[in-house]
Amino acid sequence: MSTCAQTAQAMLASGKGILAADESIATMSARLEQAGVTATADSRRTYREILATTPGLADGVSGIIFCEETLGQVTSDGRPFPQAVRDLGMLPGIKVDTGAKPGPGLPGETVTEGLDGLAARLARYAEMGAAFAKWRAVFAIDAATPSRGAIVSNANALARYAAACQQAGLVPIVEPEVLMTGSHSIERCAEVTASVHAAVRQQLNLLRVDLSGIVLKPNMVIEGEEHPVQATPEQVAEATISVLRGWPAKLAGVAFLSGGQPPSRATANLAAMQAHRTPWPLTFSFGRALVSPALAAWGGVETRVAAAQHALSEHVAANSAAVQLQASLQSA
Ligand code: 5MM
């Protein structure tokens, strides 16, 4: 088994998910300010340290995704973040894309950038201790979008990134996100997600990416946030699994993003996936659905660190329980 396949299996260990704490400096700063915390390199560092050092986090979290700034920072006891995370029994990862930028020739749509100099950056991240990487492509649903041009451009970039990661010995998390913004139906989300996944599979195949050494991080198939009717967890699970059936059994596994769903809904949807037997593990790689309550509880106040860590623990435990239900069904 390749090193990437082994690492991917560790990332998808039974009952565990991946914590997405890789907000870019701009996003993290905005979220801190909104929570009443002055955004500085040190407050971003402190916040990530609070998350990573949550007691018992490794019971439900296999790995943490950071942004480049955090990967190069040290915890308050002087250890580089990658080392501290490994010491705590988890794997450190790094977001390597440089963001979704307006796509030339694609009015109103984006193509995720970051391929220039990527091989050299990946070698440096691996040297710093990273075990895996992440790249997110973003697709918004509208009457005429996503266009074929946006789908193919983003799928090709995801595949070039994934191939480069495997060459550097890092597991690529491949994240094609179809956004919840808009009033579209769950059926339209299913149709768009399926065509995005088909293009991503085709490009991964063209660049000989080993599917046993990647983690797919998709959106759940869900109605737009302005749609009048909210799908039940069973409907979301059914629609999501139908789309995922396009992936071969060789795929190491799936770790869903939460996409702006309220934490309880994301967990309920994840739990409903348990009713479906699949050839790959299905877990979580949530950002907001795990950390938003913790950030609100902390608010930059030293005496509230324990409350913040408790909030994170509770949400990790709930999602870990959902995934364990599924794991026990798979092995039954
Ligand atoms: C944590 O947010 C990640 C980075 O976002 P920006 O680069 O836009 O700041 C994001 O990619 C995240 O990892 C995924 O969207 C999953 O997070 P959610 O909150 O959707 O589960």
Rounded to whole Å, √(5λ) for the Cα gyration tensor eigenvalues of the range 4-331, largest first, gives 28, 23, 21
Taking every pair of Cα atoms in the range 1-142, average 1/r, invert it to obtain the Kirkwood radius, and report Rg/Rh to two decimals.
0.99
For the range 189-247, build the convex hull from the C-alpha positions and give me its volume per residue in Å³.
82
Proximal charge balance of GLN73 [Cβ under 12 Å; K/R count +1, D/E count -1]
0
Result: in the chain the number of Lys pairs with C-alpha under 16 Å apart, spaced 8 or more or on different chains, is 5
Gaussian network model of the chain, Cα within-10 Å springs - most flexible of ALA155, ALA30, ALA52
ALA30
At 4 °C and 1.567 mPa s, the Stokes-Einstein diffusion coefficient in µm²/s for the range 62-149, with hydrodynamic radius from the Kirkwood sum on alpha carbon pairs, is 88
I want the local charge near ARG45. Using Cβ-Cβ distances under 15 Å, sum +1 for each Lys or Arg and -1 for each Asp or Glu among the other residues.
-4
Residue by residue through the range 176-189, which ³J(HN,Hα) values in whole Hz follow from phi under the Karplus form 6.51 cos²θ - 1.76 cosθ + 1.60 (θ = phi - 60°), with glycine and proline marked x?
x, 9, 8, 5, 7, 5, x, 10, 5, 7, 5, 5, 5, 4
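Determine the gain in length on full extension of the stretch ALA120-SER2; use 0.36 nm per residue of separation and subtract their C-alpha separation, reporting nm with one decimal.
40.3 nm
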Please list, by residue number, every one of the GluC sites (Glu not before Pro) in the range 202-254 that is coil in DSSP and has at most 10 other beta-carbon atoms within 10 Å.
GLU226
Theoretical ellipticity at 222 nm over the chain - DSSP helices of four or more residues, -39500 (n - 2.57) apiece, nearest 500
-14500 deg cm²/dmol
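Every read-out reported here was derived from the displayed coordinates using simple, explicitly stated rules and does not represent laboratory data. Predicted model, so just to flag it, every value in this text is computed and none were measured. Positions of Cβ are generated from backbone atoms using ideal geometry, with glycine treated the same way; all protein chains shown enter the neighbour counts.
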